[in-house]
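Q: Here you go, one structure.
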Amino acid sequence: MSEISLTQNPAHVRHGSNVGQPLTRRDGLLKVTGAARYAADNHPESMVYAALAVSSIARGRVTALDVAAAKAHPGVIDVMTPENRPPLAEDPDAKNHPFMFRLDVLQNDRVRYPNQPIAVVIADTLEAATEGAALLAPRYDVEPARVGLDGNEVFTPQGVGVGNPPNDSHGDVEAGLAAASRRVEATYETPAQYHNPMEPHAIVAAWDGDRLSIDTPTQGLAMAVGRVAGLFGIAPEDIHIRSPFLGGGFGGKGVMSGPQVLGILAARMVGRPVKLVLRREQMYGPVGHRGPTRQTLRLGTAGDGALTALAHHTRTASSTFDDFFEPASNASHTLYASPAIATSHDGVRLDTGTPMFMRAPGEATGSLALEGALDEMAEACGMDPLDFRLKNYAEVEPTSGKPFSSKALRECYAQGAERFGWAARPLQPRQMRDASGLLVGWGMGTATFPALMFQAEARAAIKSDGTGLMETGAQDMGQGAWTALAQIAADGLGLDIDQVEFRAGTSDLPDAGIAGGSGHTATAGMALHDAGAKVIARLADLATSAENSPLFGAGNAGVVARDGRLFRRDDESRSESYADILARAGLPEIEARGKSAADPAVRNAYAMHAHGAVFAEVKVHPELGQIRVTRLVGAFAAGRVINPRMVESQYLGGMIWGVSFALHEHAITDRRSGRIMNANLAEYHVPVNADIPSVEAILVEEHDPHVNALGIKGVGEIGVTGTAGAIANAVWHATGIRVRHLPIGLEGLLAGGLGDA
Amino acid sequence: MKRFDYVRANDVGEAVAALAASPAARIIAGGTNLVDLMKYDVETPERVIDINRLPLNTIEATESGGLKIGALVSNADLAYDSRIAERYPLLSSALLAGASPQLRNLATTGGNLLQRTRCYYFYDTGTPCNKREPGSGCPAIEGVNRIHAILGTSDQCIATHPSDMCVAMAALDAKVHVIGPGGERTIAFEDFHRLPGDMPEKDTNLQPGDLITAVELPAEDFTAHHSYLKLRDRQSYAFALVSVAAALKIEDGRITQARLALGGVAHKPWRDTEAEAMLKNSTPGVASFSAAAAKVLETARGYGENSFKIDLARRAIVRTLKQAADGTPQSQTDKRIR
């Protein structure tokens, strides 16, 4: 096991016994036996049930609710409407910072999107609450819904994503295009998509005076506490949120949603604990989605295939009342070298819920269009798509000119291509058939995602028996944080993982930052690492200053922590156990607090991204157009791998999201009513097992000395990027037909002129 | 979900009596469709009659050499029954093309006949729908209609019948056994489901108080030449955009008997006896298959998003007839279309 080179912390800690091991999920047994307690599994004494009534219109006003009928239903305790909703300390329409999203919590009778909560019915049983909600029979003043990317006035938003400028330009794109020997212009459209975690948003809220106890899934415990504290005007320390497990988040549980706040309000109103769980169709509105995009790429190349210009424009949509614009064009900032790169966005405001971060926000959509346009240009140049990408390989980040902190993308291309057998790919489309006559196509895409870090804290302790404790309020969305972070914690303490108690998942622990932006392992992991280093340093001080310790006087040489003992670095025959050190000092335990944050100086000096290459094989029926992804190979480099099993799982899951993006997902809106017509998992399609015959992820080795002391980049989102484009490109290679309207369905191929019997 | 009364019938007589006493009651067997519809307030029966204890879960030989399938035989048991798999592989195949193993374990033969459309608007009580609320209008005609019908539509309704099983049963010339207030009778499969016309709220020709007891398959042998091809947006657990059931008898290079039915294209399983007559006595091949397809689709009409189904159905008919003629039926396991 290699020793981690530490660039920030004192070198007391030697890693390796836990980090890098392919441990299975520590919570796996709980989950497969049903013992893992998710938010909605909690039933505090005297708990009652709340059900939302949601609007069936997209825009207008609620003019009447039959509250009397709902209240008359047996079991109904109360009905919360804008008339009687308990007060909030903060305007839910306030936006004090870009991470604060406006909420619909019955502040008035306005309806601004379909499925907006318009009342809450609280009852003794879920059935009574649900029927009470149906009995409200709302009436409306209906205004015309604004639907689709041409559905309202176009404007340039102030920012895209969270706080990124909408337009960015380096070099002269028009001059580059004018000078190009080949030009490609292509427009790709992607639909609105919904997160659809298996676990719907749910909350069990219980008040005790002004103290609030909550079970709810959240990707950001500390941020959730802050939001609830502000809304209810209570102290953060009086709020306790438990979120030990999330049944998927994908960005949809990043910030507290309106329905979760309504659950807390309902509990306040009836003076009893309340459980509120969204129905599946109620998740298509108040809890975020990925906005639709229409992206136009303009590329120019010189005679040798080198890009002379790359322009990427995105039209997207936000709600009428808040801002989240899918930053799709920004996917073109980092991947391909071009003397001129211009990215731009404009937007429309539609009568939908506010879009939100959804797994690789911007990168997923933007990479689909970028990789498609790149493939079209490779075709125009008569070049192999991989050769074309290598020709335009970015040695430094094209838009900033910064060197990469590390970039093993060439190795990803090479290992992925080798494993896939890419070299045998014919240049022209429609050249390959399988034994049964199906058209076979091979396509590829480059994957990329920034290596983000947020701020976190952790607490470490070593106990008199020599075992350890590590705490941080981390969130396990299913990605394996319980396991990977415990591995970092154990190495940070120089202990085997079985000797360390790892606590996470509740808000009374140190703030672990959000589980988002693919930055959770790096962020929370670095806080754990720092806490571990500090507690070991304190332990080392005790030992090296005690005359009767074998480590006395080793301060200058340094010590290494391993297997519950400190070893003299220059003479490992001299060591002492943690238990003995604490016993001599007469201490029951020793503790330290650690924290993490991105280092601005390093961030300023280097561009930091994970990279990957995805290769896809599709088979298409030559007459019927039915598409199947028969093989996917992704090779990814994302710095240090804490747990290869979890990391592979993240890559595979991301790539399956890519299949879903390319072929399946599509929220279908009725353009007259603005309603989403397939707001259920029968008709909102995601892949099933039969759609994923073979998917493989290669973990490409990469050492990053700059990104953070642990060398971790992050793996949660990158798998989505590259994959959708690779599949779309493979469909072209199989059929010779470019379908630029996603998801790709068989009607796209029929319309494109697929052959006939 | 509205409150409802629940009664359990212990024999057929009790069930018929319970239905007679409250004709607006709904029968529940597997409940795989009804319970969903009740949760969405699309179906709001005041009484639900549970028939799961009725002795209608066997498959028996008929005197004329066919099989009589009890209404409560599950889709899974039916698909894997050795007599069905050997003598009516088209039916097995269609069953296995539908739903998921879990659903097939619960869903019953009778219930499959009575499953309701998957039209988005029918399910969404926030929108009008002539099938759900007669006279309220059909937003699908000018709205989201990619999955909708191209044959036999009316200006009241363009919904489709979603079953796979029924498409095969239509092709196999099945009969539905029913018991009602007036006693027992049989309904030809062709006459069981309706076209929407100006009463889209009525899916079938069952009369109030009727209970399906069995489906009978005649003693015909299409085992050499048959295929069920289902085209959909994912490889499993999706309803058909277009499906085709084809069964042929071929002697000395000529088709002596043909059956052709489509799913996903109409308010009922769409069997076309005129196209079958054209195929009879023809030489199997692209020419005769294309002519049959053209006949089936002669009156087809697209509504925008679903217009591609006309071309898709034409291609699917030709392909399925070819699979049947070649004796290479579509596999529902590897799903690869040949």
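The values are calculated or read from the model by the stated rules, or taken from the named source; none is laboratory data. This structure is a prediction, so every number in the text was calculated from the model and none was measured. So basically every Cβ, Gly included, is an ideal-geometry build from the backbone, and we count neighbours across all protein chains shown. With ligands, DNA and RNA removed, areas are computed over all heavy atoms of the protein, side chains included. Shrake-Rupley method; radii C 1.70, N 1.55, O 1.52, S 1.80 Å.
Q: So which residues in the stretch A:338-352 are more than 26 Å from residue A:298 (Cα to Cα) and touching a strand residue (DSSP E or B) at 6+ places or on another chain (Cβ under 6 Å)? First the steps, then the outcome.
A: Step one: list which residues in the stretch A:338-352 are more than 26 Å from residue A:298 (Cα to Cα), which gives A:350-352.
Passing the criteria: A:350, A:352.
Q: Would you please list the contacts, defined by Cβ atoms under 6 Å and residues six or more apart or on different chains, that run from a residue in the stretch A:202-215 that is more than 13 Å from residue A:265 (Cα to Cα) to a residue that is open to solvent by 50 Å² or more (accessible area, probe 1.4 Å) and of a type in the set (A, V, I, L, M, F, W, C)?
A: Close Cβ pairs (under 6 Å, with a partner that is open to solvent by 50 Å² or more (accessible area, probe 1.4 Å) and of a type in the set (A, V, I, L, M, F, W, C)) amount to A:202/A:277.
Q: Would you check if residue A:365 is β-branched (Val, Ile, Thr) and not in a loop (DSSP other than H, G, I, E, B)? Don't jump to the end; show me each part of the working.
A: Values: β-branched (Val, Ile, Thr): yes; not in a loop (DSSP other than H, G, I, E, B): yes.
For residue A:365, the condition - β-branched (Val, Ile, Thr) and not in a loop (DSSP other than H, G, I, E, B) - is met.
Q: Between A:697, A:679, A:726, A:709, which is over 30 Å from residue A:488 (Cβ atoms) and either more than 14 Å from chain B (Cβ to nearest Cβ) or not in a loop (DSSP other than H, G, I, E, B) (or both)? Steps first, please.
A: Values: A:697 fails: over 30 Å from residue A:488 (Cβ atoms); A:679 fails: either more than 14 Å from chain B (Cβ to nearest Cβ) or not in a loop (DSSP other than H, G, I, E, B) (or both); A:709 fails: over 30 Å from residue A:488 (Cβ atoms).
Result of the check over A:697, A:679, A:726, A:709: A:726.
Q: Which members of the stretch A:608-639 meet the condition of being within 14 Å of chain B (Cβ to nearest Cβ), open to solvent by 10 Å² or more (accessible area, probe 1.4 Å) and part of a loop (DSSP other than H, G, I, E, B)?
A: A:622, A:623, A:626 - these are the residues of the stretch A:608-639 that are within 14 Å of chain B (Cβ to nearest Cβ), open to solvent by 10 Å² or more (accessible area, probe 1.4 Å) and part of a loop (DSSP other than H, G, I, E, B).
Q: Show me the helices (runs of 4 or more DSSP H) found entirely inside the stretch B:267-338 where at least 2 residues are within 14 Å of another protein chain (Cβ to nearest Cβ) and farther than 20 Å from residue A:621 by Cβ. Don't jump to the end; show me each part of the working.
A: Values: elements: B:273-279, B:286-296, B:308-326.
Those helices (runs of 4 or more DSSP H) span B:286-296.
Q: Do any residues in the stretch B:276-288 that are free of Cβ contacts under 8 Å to residues at least 60 places away in the same chain have Cβ atoms under 9 Å from those of residues that are part of a loop (DSSP other than H, G, I, E, B), where the two are at least six apart or on different chains, and which pairs are they?
A: Every condition considered, the pairs that remain are B:283/B:253; B:284/B:225; B:284/B:253; B:286/A:757; B:288/B:282.
Q: Still on this model: Among the candidates B:41, B:5, single out the residue that is in contact with a Ser or Thr (Cβ under 9 Å, 6 or more places away or on another chain), at pLDDT below 95 and either more than 14 Å from chain A (Cβ to nearest Cβ) or surrounded by fewer than 16 Cβ atoms within 10 Å (Cβ to Cβ) (or both). Walk me through how you get there before you give the answer.
A: Values: B:5 fails: at pLDDT below 95.
None of the others qualify; the one that does is B:41.
Q: Go over the candidates B:101, B:128, B:134 one by one and state the one that is under 24 Å from residue B:153 (Cβ atoms), within 14 Å of chain A (Cβ to nearest Cβ) and open to solvent by 10 Å² or more (accessible area, probe 1.4 Å).
A: Details: B:101 fails: under 24 Å from residue B:153 (Cβ atoms); B:134 fails: within 14 Å of chain A (Cβ to nearest Cβ).
Just one listed residue meets the conditions, B:128.
Q: If you go through the stretch A:690-698 one residue at a time, do you hit one that is open to solvent by less than 20 Å² (accessible area, probe 1.4 Å) and closer than 19 Å to residue A:371 by Cβ? Step through it out loud before you land on a result.
A: Looking only at the stretch A:690-698, we keep the residues that are open to solvent by less than 20 Å² (accessible area, probe 1.4 Å), and these are A:691, A:697.
Filter again for closer than 19 Å to residue A:371 by Cβ, leaving A:697.
Yes - at least one qualifying residue is present in the stretch A:690-698.
Q: If residue A:370 satisfies every condition in (1) surrounded by 21 or more Cβ atoms within 10 Å (Cβ to Cβ); (2) at pLDDT below 95 but one, which is the exception?
A: It is condition (2) that residue A:370 fails.
Q: So, in the stretch B:112-122, of the ones that are more than 8 Å from chain A (Cβ to nearest Cβ) and surrounded by fewer than 24 Cβ atoms within 10 Å (Cβ to Cβ), which residue ends up nearest to residue A:139 (Cα to Cα)?
A: By that ranking, first place goes to B:122.
Q: Of the residues in the stretch A:137-180, how many are open to solvent by less than 30 Å² (accessible area, probe 1.4 Å), among the aliphatic types (A, V, I, L, M) and assigned to a helix (DSSP H, G or I)?
A: 2
Q: Of all the residues that make up the stretch A:326-340, how many are within 15 Å of residue A:360 (Cβ to Cβ) and not in a helix (DSSP H, G or I)?
A: Within the stretch A:326-340, the subset within 15 Å of residue A:360 (Cβ to Cβ) is A:326-335.
Subsequent filtering for residues that are not in a helix (DSSP H, G or I) retains A:326-327, A:333-335.
Here the count works out to 5.
Q: Check residue A:220 against each of (1) surrounded by fewer than 16 Cβ atoms within 10 Å (Cβ to Cβ); (2) at pLDDT 95 or above and name the one condition it does not meet.
A: All conditions are met except number (1).
Q: Test of understanding: among B:244, B:286, which residue is modelled with pLDDT of 95 or more and under 29 Å from residue A:742 (Cα atoms)? Steps first, please.
A: Details: B:286 fails: under 29 Å from residue A:742 (Cα atoms).
The match here is B:244.
Q: Can you name every residue in the stretch A:62-93 that is among the small types (Gly, Ala, Ser), touching a Gly at 6+ places or on another chain (Cβ under 8 Å) and open to solvent by 50 Å² or more (accessible area, probe 1.4 Å)?
A: Result: A:89, single match.
Q: Identify the single condition in (1) open to solvent by 10 Å² or more (accessible area, probe 1.4 Å); (2) away from every other protein chain (no Cβ under 14 Å); (3) on the phi < 0 side of the Ramachandran plot that residue B:232 does not satisfy, given that it satisfies every other one.
A: It is condition (2) that residue B:232 fails.
Q: Ok, one more. When you check residue A:747 against the structure, is it under 25 Å from the mean Cα position of the chain (by Cα), surrounded by fewer than 23 Cβ atoms within 10 Å (Cβ to Cβ) and either over 30 Å from residue A:488 (Cβ atoms) or more than 8 Å from chain B (Cβ to nearest Cβ) (or both), yes or no?
A: Details: under 25 Å from the mean Cα position of the chain (by Cα): no; surrounded by fewer than 23 Cβ atoms within 10 Å (Cβ to Cβ): yes; either over 30 Å from residue A:488 (Cβ atoms) or more than 8 Å from chain B (Cβ to nearest Cβ) (or both): yes.
In short, no.
Q: Considering only residues that are among the polar types (S, T, N, Q) and within 25 Å of residue A:410 (Cα to Cα), look in the stretch A:438-478 and name the one that is farthest from the chain's Cα centre (by Cα). Break it down stepwise before answering.
A: Step one: list which residues in the stretch A:438-478 are among the polar types (S, T, N, Q), which gives A:446, A:448, A:455, A:464, A:467, A:472, A:475.
Now drop any that are not within 25 Å of residue A:410 (Cα to Cα), which leaves A:446, A:448.
Details: A:446: 19, A:448: 14 Å.
So the residue we want is A:446.
Q: Taking the stretch A:507-519 on its own, how many of its residues are closer than 10 Å to residue A:220 by Cα and open to solvent by 20 Å² or more (accessible area, probe 1.4 Å)? If you could, list the steps in order and put the result at the bottom.
A: Restricting attention to the stretch A:507-519, the residues satisfying the condition of being closer than 10 Å to residue A:220 by Cα are A:507, A:511-516.
When the remaining residues are screened for being open to solvent by 20 Å² or more (accessible area, probe 1.4 Å), the result is A:507, A:511, A:514.
Adding up the residues that qualify gives 3.
Q: Related question: Quick one: which of A:738, A:671 is away from every other protein chain (no Cβ under 14 Å), charged (D, E, K, R) and over 23 Å from the mean Cα position of the chain (by Cα)?
A: Working: A:671 fails: away from every other protein chain (no Cβ under 14 Å).
After applying the criteria, what remains is A:738.
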